[in-house]
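The structure appears below as structure tokens.
Read-outs throughout are calculated quantities, based only on the coordinates presented, and are distinct from any laboratory measurement. The structure presented is a predicted model; accordingly, all values stated were derived computationally and were not measured. Cβ: placed from backbone, ideal geometry, glycine included. Neighbour counts: every protein chain shown.
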Amino acid sequence: MSETAITAFSWSEENEKKAQYHIAKYPEGRQQSAVMPLLDIAQRQNGGHVTIEIMEYIADYLDMPAIKVQEVATFYTMYNHKPVGKHHVQVCGTTPCWLRGSDDIMSACKKRLGISKGETTEDGMFTLSEVECAGACVNAPAVAINDDYFEDLTPETMTALLDKLAKGEDVKPGPQIDRQTSGPAGGLTTLKDFDAKEAE
Amino acid sequence: MFSFIMKIFSSPIFTWWNSATFGTKLFTSRKGVKVGEDNQGNIYYKEKNGHRRWVIYKNGPVEASRVPAEWHGWLHYTVDELPSESNQVIKDWEKDHIPNMTGSDAAYLPSGSLSMGGKRATSTSDYEPWTP
Amino acid sequence: MPTLTIDGQEVTVDPGTTVLQACEEVGVEIPRFCYHERLSIAGNCRMCLVEMEKAPKPIASCAMPAGDGMVIHTNTERVKKAREGVMEFLLINHPLDCPICDQGGECDLQDQSMAFGGGDSRYDENKRAVEDKYMGPLISTTMTRCIHCMRCVRFSTEVAGVDDMGSLWRGEHTEVTTYLDGMLDSEMSGNVIDLCPVGALTSKPYAFTARSWELKSTESIDVMDAVGSNIRVDARGAAVMRILPRLHEDVNEEWISDKTRFVYDGLKKRRLDRPYVRKGGKLTEASWAEAFDAIKKGLKDVKGDEIAGVVGDLADMEAMYAMKDLLGNLGSNRIESRQDGAALDASVRAGYLMNSSIAGIEDADYLLMIGTNPRAEAPLVNTRIRKSVRHLGLKVANIGEAVDLTYPVQEYGNDASLISKITGGRHEISKALKAAEKPMILVGQGALQGKDGAAVLKMARDIADKYCIKDGWNGFNVLHTAASRVGALDLSLVSEGGINAITSDAEGGKIKAVFLLGADELDTSCFKDTFTVYVGTHGDEGVKNADVILPAAAYTEKSGTYISTEGRVQMTAKAVFAPGDAREDWTIFRALSDVLGTTLLYDNLGQLRLKLVEAVPHITAIDEVPDAEWGDFGTKGDIEAGEITNAISNFYLTNPIARTSDIMADCIEARSGEGFEEATGTNG
């Protein structure tokens, strides 16, 4: 079927290089192993979602059946099949985040953006979705916006974050409270005297 | 001689299927009380003491299906009221009673029957013959 | 050789055997849905759980290789509970619509839930529903019933060789579908209906026409191609309701092609059900006696050598023998079976057989195809080649039309003259043939049909003689397209000059009368002025210029002997009666012989078969492939450069039954792409 498809999509010069980089990781004849990074690159190039044309293009590019590409693209939730906004707000709703108040984060987002789960704002700026464990349980509740994680959120900081994004201002990824990466909240509690330089 | 014997044996003394037997007629005249008549002319009786109920068919075979629905209930002790006494309303969509016509010319035949023209619904066993 | 204990019985199995197979060897039946011996192992239904000692939890026996010293229990309380649990999960989203499901009565899920299920459900939430998919005119889908065993997906990629099916989404949202709701682009697609353990994929033409327990099954043989697939004809009353495959490891394994499976509706249309006689240029209905009288009159002034006969592709041995006998009595031995003009040589049996046999493809390591498209000519041979290519390392080379055969093929171009270069020994193919241990040559009818056909046959013979004849191995193979052909050649139904001589003699007036036995694959306009008797089943090409038409029985309506392309003798059985006044073919010739005053010397099928055995002794070896002696055949000659045209241009239209079938017409429409608009859902 791939030969009948009209493929409007093709790699940009830069992405072609990236694609070749990923294909080169695998032995000759095993180029289809690169299907996942290629889908991701294509999704980025296409502005956040993949289409049937893209899947067929990649299938042709990797010389594999289009249905197999479609299987991969539909299996993994991080490939979007509908257009998403400029900022894809992915609220984690799995147990640790939920216990730490992810429901409040979600309702703050709904209130601020005026949309419900799985929808995109009319101006195309935000898409809101709930995702399974983002793997940032230690700093729960966590929200992933595009490639950045925002952690230790409260409804207030979440709303402020969305305001900033809406205005196009820079935001600081990571914990939104006084915490260094996933260290203890409010600074170190043990090994306070430890000096890294001295240890060297 | 043979025909004489046949005549005796086909007389109402022995046969019960052409009309009521002598025994029944005798019993009817001794103990029967006429209670009514249906629209076909069959006459219904009951015993004086009320225990037994029976019917003497008007001309023709003794055939249970000749009893119309309204008398059937009384005859079989389903109800005690006679059809003439009950206030049963006969709806205009109710058809007249027809006895079982099996074996006669008026017997029911489905539309697929050969005597009805043999037009039946198509079935999976049918095939389309080729014609020049 | 691992030895393991199953329910107290010790069994030694081959390495690589799974626990499930080992259980089967000792006669312990393990319930399963996803496991299928001819497909790869998936292990996703979990129905085959058994208990293994020293394992913390039940193991999926289909995916566990048997190991030495394993102790397996299949009848413990734990196994029972595990099965009940799996069954309960499977039934959570399975609708309870068995009464309106075509699979009802022959459903794995139904049977196994009776045998291993818990008895009732504890589930009172909503069940999931899935939109039905479009899979072409043959497969009806009710995807809500799907239990995601993925047998259909594995079949299409592994056996059929078309990457059209897959499963989208994940978890509870999983949906099995064809790519963009297209149809399965394969000649073998109907087999997914048999594979589906539930009623998700059922037969579209058969839908809601019968229940499985109403049907009377007759074990028979298929005649749509020359493979001789083993089939089961299911009939209700006088109608064939469906055709299913029967297991035969050496022929069709357990698959059949779509044409075999779905051609049955052609048995009910355009049937010849009464004799016809041409009166004043118009065919008019006649009784058998009138028809025979007309033949007697028509043959009155015709000399024996002015009579010819042509045998069609679906004729059984009995009919051909009776016809040969009758024409012999009339003084003619000019009967031709090679309707397509293929230059086959009837003198050496090995010269027209598939000597390596179909199962032998699995032993071969190099295959040279000459002018054949097995995918259209014999889909099951193609499936066997694909199996061998995929699993056993067979290499395939092709001279002829390059078509997609579902496996990699080394194309050497479509030029007949290439064949003459191979014997030289310096060509790439000759080197490969020489290097191979068990090389095969597969000659298609297309290669033999051209004007150099006899020379091609000779050349192919010489190549085979040089490279492919070894101790216990004959690599010369002819792939026939007609079920009757090998039988006809065994009866020497060939004539000088072939079919072309007959047609030109008929036009030239040298032939005054011709008998056609189901011969529909040739242009009969040349018989316009010839007295033509057509004996056959369908109003097709053959009746166009016939003067007398005698209605005969189709392959499901008679017991007939057929010899497949590999020389296997098999018999069809009578599943239903022939329609109307139609009679079994041989009885027609027998009755006609009385009228013509040359009575044939047999009154029943048994007597006829005794005569047949005298003529063709190897016919007694039912279901065997007798070795044919190698010899010299073909005619030496130059092969002109030129393209080879394959014998079959349309898989779905190769015989009168298939041409009559509406289902076949639907398939053509759908596969040509015109039916795609019927597709539901997104087109991308």
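In whole Hz, what ³J(HN,Hα) sequence does region C:113-121 give by Karplus (6.51, -1.76, 1.60; θ = phi - 60°), x for Gly and Pro?
So the Karplus estimates, Gly and Pro as x, are 6, 5, 7, 10, x, x, x, 9, 10 Hz.
Can you give me the C-alpha center-to-center distance between region C:148-165 and region C:534-606, rounded to a whole angstrom?
Centre-to-centre distance over Cα atoms comes out at 40 Å.
What ranking do C:92-98, A:49-55 get when scored by the average of other Cβ atoms within 10 Å per residue, highest first?
In decreasing order of mean packing, C:92-98, A:49-55 become A:49-55, C:92-98.
Let's test the formula: R0 of 22 Å, r as the Cβ-Cβ distance of A:V171 and A:E122. What FRET efficiency results, to the nearest 0.05?
0.50
At 222 nm, what helix-only mean residue ellipticity would chain C give, in deg cm²/dmol to the nearest 500, using -39500 (n - 2.57) for each DSSP H run of four or more?
-7000 deg cm²/dmol
Counting Lys +1, Arg +1, Asp -1, Glu -1, what net charge surrounds C:I644 among other residues with beta carbon under 11 Å of its beta carbon?
My count for the surroundings of C:I644 gives -4.
Dipole size in debye (nearest 20) for region C:293-347 around its Cα centre, Lys and Arg Cβ +1, Asp and Glu Cβ -1?
Value, rounded to 20: 300 debye.
What is the list of residues in region A:155-181 whose amide nitrogen lies under 13 Å from a point 7 angstrom out from the Cα of A:V138, following Cα to Cβ?
A:175, A:179-181
What distance in nm separates the simple spin-label points at C:V613 and A:R30, each placed 7 Å from Cα in the Cβ direction?
Taking the simple label geometry, C:V613 and A:R30 are separated by 6.1 nm.
Rounded to the nearest 5, what % of DSSP beta bridges with both residues in region C:520-651 are antiparallel?
Antiparallel bridges: around 35 percent, rounded to the nearest 5.
Dipole magnitude of chain B about its Cα centre, charges +1 at Lys/Arg Cβ and -1 at Asp/Glu Cβ only, in debye to the nearest 20?
800
Compare the peptides A:25-35, C:21-31, A:163-173 by average per-residue count of other Cβ atoms within 10 angstrom and give them in order, highest first.
C:21-31, A:25-35, A:163-173
To the nearest Å, what is the center-to-center distance of region C:1-71 and region C:489-516, using C-alpha atoms only?
The distance from the Cα centre of region C:1-71 to that of region C:489-516 comes to 61 Å.
How many partner chain Cβ atoms sit within 10 Å of a residue's Cβ in peptide C:167-174, on average, as a whole number?
3
Return the calculated 222 nm mean residue ellipticity for chain B, to the nearest 500 deg cm²/dmol, obtained by summing -39500 (n - 2.57) across DSSP H runs with n ≥ 4 and dividing by the residue count.
Estimated from H runs of four or more residues: -5000 deg cm²/dmol.
Treating the protein assembly as shown as a set of equal point scatterers at the Cα positions, no solvent, please give the Debye-formula log₁₀ I(q)/I(0) at q = 0.04, 0.06, 0.08, 0.09 Å⁻¹.
Normalising to I(0) and taking log10 leaves -0.34, -0.68, -0.97, -1.10.
Cα centroid distance between region A:1-70 and region C:216-257, in Å?
44
If R₀ is 60 angstrom, what is the calculated FRET efficiency for the pair C:R38 and B:I90, using the beta carbon separation as r and rounding to 0.05?
So the FRET efficiency works out to roughly 0.25.
Going toward the positive end of the dipole of region A:1-101, with +1 on Lys and Arg Cβ and -1 on Asp and Glu Cβ, which of A:H49, A:P37, A:H88 do you reach last?
Ranked along the dipole, the leading option is A:H88.
Of the DSSP beta bridges with both residues in chain C, give the percent that are antiparallel, rounding to the nearest 5. Numbers along the way, then the final one.
Working: 42 of 78 bridges.
Of all bridge pairs located within chain C, approximately 55 percent are antiparallel.
Compute the relative contact order of chain C as a whole-number percentage, counting only Cα pairs closer than 8 Å that sit 6 or more residues apart in sequence.
Dividing the mean separation by the residue count of chain C yields 15 percent.
Net charge near C:R386, counting Lys/Arg +1 and Asp/Glu -1 over other residues with Cβ under 10 Å of its Cβ?
+3
Within a 10 angstrom radius of the beta carbon, how do A:F150, B:F14 rank from fewest other beta carbons to most?
B:F14, A:F150
Rounded to whole Hz and in sequence order, give me ³J(HN,Hα) for region C:333-345 from the Karplus expression 6.51 cos²θ - 1.76 cosθ + 1.60, θ = phi - 60°, writing x for Gly and Pro.
3J(HN,Hα) across region C:333-345, in whole Hz: 10, 9, 10, 10, 9, 8, 3, 7, x, 5, 7, 7, 10.
Under 4.7 Å Cβ to Cβ, no partner at all: give me those cysteines from chain A, in residue order.
Taking the Cβ cut-off of 4.7 Å, the unpaired cysteines of chain A are A:C109, A:C133, A:C137.
Would you be so kind as to identify which of C:N474, C:Y534, C:A573 lies farthest towards the positive end of the dipole of region C:445-592, taking Lys and Arg as +1 and Asp and Glu as -1 on Cβ and the Cα centre as origin?
C:N474
Tell me, in nm to one decimal, what length is gained between C:E29 and C:E362 on full extension, where the rule is 0.36 nm per residue of separation less the Cα-Cα distance? Write out the running numbers ahead of the final one.
Values: separation 333, 0.36 × 333 = 119.88 nm, distance 2.91 nm.
The C:E29-C:E362 span can extend by a further 117.0 nm.
What list of ³J(HN,Hα) couplings, whole Hz, do you get for region C:263-270 from phi and the Karplus terms 6.51, -1.76, 1.60, once you set θ to phi - 60° and write x for glycine and proline?
Along region C:263-270, the couplings run 7, 4, 5, x, 6, 10, 10, 6 Hz.
Between C:A82, C:A22, C:I100, whose Cα lies farthest towards the positive end of the dipole of region C:1-121 when Lys and Arg beta carbons carry +1 and Asp and Glu beta carbons carry -1, centred on the Cα centre?
Positive-end residue among those listed: C:A82.
Can you check what the net charge comes to around C:S40, using other residues whose Cβ is under 9 Å from the Cβ of C:S40 (Lys, Arg +1; Asp, Glu -1)?
With Lys, Arg at +1 and Asp, Glu at -1, the neighbours total 0.
Using a basic spin-label model with each label point 7 Å from the Cα along Cα→Cβ, how many nm lie between C:K466 and C:T284?
Here the answer is 6.5 nm between the modelled labels.
Given the -39500 (n - 2.57) contribution per DSSP H run of 4+ residues, what per-residue ellipticity at 222 nm results for chain A, rounded to the nearest 500 deg cm²/dmol?
Roughly -11000 deg cm²/dmol at 222 nm, from the helical runs in chain A.
Treat the count of other C-beta atoms within 10 Å as a stand-in for reagent exposure and order C:K421, B:K25 from fewest to most.
On the way: C:K421 18, B:K25 14.
Ordered from fewest to most neighbouring Cβ atoms within 10 Å, C:K421, B:K25 come out as B:K25, C:K421.
Is there a quick way to get the dipole size of region A:63-183? I mean about its Cα centre, with the Cβ of Lys and Arg at +1 and of Asp and Glu at -1; what is the value in debye to the nearest 20?
Here the size comes out at about 140 debye.
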